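**Q** Provided herewith is a single structure, encoded as C-alpha cells, for subsequent inquiry.
The values are calculated or read from the model by the stated rules, or taken from the named source; none is laboratory data. Quantities reported herein were computed from a predicted structural model and do not represent experimental measurements. As a convention, Cβ positions derive from the backbone with ideal geometry for all residues, glycine included, and neighbour counts pool all protein chains shown.
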Amino acid sequence: MLLALLTGGEGWHNNHHRYPNSERQGFYWWEVDSTHYVIVVLSWLGLVWDVQGPSNHVLKEGLEK
C-alpha cells in the first residue's frame, strides 16, 4: 500500500498490461491508484472522456486467483 501511495499507483502497472483498455492500474479498492482519481476528476470537469475501466470478466478473474 505504501509503495502504491509513493508511486501514484504504478505498483499495479501489471493490471494495465492484463487489460490495456483500462485507464486504471489499481483494479480493486485496496489497490490505491492516485492517477485514476485524477482522471476521474478530469472526466467530471469534461476535460477527458471515454474513460474505460476494467471489464467485469477481468475483475472476476482476478478475484478468483
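**Q** Taking helices (runs of 4 or more DSSP H) that do not extend beyond the stretch 1-47, which have at least 1 residues that are among the aliphatic types (A, V, I, L, M) and surrounded by 18 or more Cβ atoms within 10 Å (Cβ to Cβ)?
**A** Qualifying helices (runs of 4 or more DSSP H): 2-7.
**Q** Picking from 46, 26, which residue would you name as being out of contact with any strand residue (DSSP E or B) (no Cβ under 8 Å at 6 or more places or on another chain) and at positive phi?
**A** Going through 46, 26 in turn, just one is out of contact with any strand residue (DSSP E or B) (no Cβ under 8 Å at 6 or more places or on another chain) and at positive phi: 46.
**Q** When you check residue 15 against the structure, is it in contact with an Asp or Glu (Cβ under 9 Å, 6 or more places away or on another chain) and at pLDDT 85 or above, yes or no?
**A** yes
**Q** Please give the number of the condition residue 55 fails out of (1) touching an Asp or Glu at 6+ places or on another chain (Cβ under 6 Å); (2) touching a residue at least 24 places away in the same chain (Cβ under 8 Å).
**A** (1)
**Q** Hey, another quick one. Among the candidates 62, 9, which residue alone is in contact with an Asp or Glu (Cβ under 6 Å, 6 or more places away or on another chain) and among the small types (Gly, Ala, Ser)?
**A** Of the residues listed, the single one that is in contact with an Asp or Glu (Cβ under 6 Å, 6 or more places away or on another chain) and among the small types (Gly, Ala, Ser) is 9.
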